[in-house]
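Asks: For reference, the structure I am asking about is given below.
Rule-based calculations on the coordinates, nothing more; no lab input. Small disclaimer: the values here were computed from a predicted structure and weren't measured. Backbone-built Cβ (ideal geometry, glycine too); neighbour counts: all protein chains shown.
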Amino acid sequence: MNTSRATWIRSSHSMQNGECVEIRRGTDHVGVRDSKRPTGPRTRIPTEAWTAFLHHLTRN
């Protein structure tokens with residue numbers, strides 16, 4: 001899958017100094033990276049796992 005045109009986004013709750021994580025939605029996964037190191041390592045999380053993670057955050 002080509003995600004080169006997808007946009008990395010960060011939370012509106014991120015710190016003003018830019019230290020946060022960014023996400024990029026793919027077809028079957030969510031990409032996660034450190035905003036301070038945009039060319040550094042990235043993690044791909046299956047969409048189902050990401051959805052479960054967000055659901056867990058909103059329950060607590």
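Asks: Residue-wise, which Karplus ³J(HN,Hα) couplings in Hz belong to the range 31-36, taking 6.51 cos²θ - 1.76 cosθ + 1.60, θ = phi - 60°, and x for glycine or proline?
Replies: x, 10, 9, 7, 5, 6
Asks: While we're here: Hey, any idea what the orientation-averaged projected area of the convex hull of the range 9-58's Cα atoms comes to, in nm²? Don't jump to the answer; show the numbers that get you there.
Replies: Numbers: hull surface 15.0 nm².
It is 3.8 nm².
Asks: Grab the other residues whose beta carbon is less than 14 angstrom from that of Val30, score K and R as +1, D and E as -1, and report the net.
Replies: Result for the local shell: +3.
Asks: Label-point separation (nm) for Thr58 and His13, each offset 7 Å from Cα along Cα-to-Cβ?
Replies: Those two pseudo-labels are separated by 1.3 nm.
Asks: Just need the relative contact order of the range 9-58 here, percent rounded to a whole number, with Cα pairs under 8 Å and 6+ apart.
Replies: Worked out over the range 9-58, it gives 25 percent.
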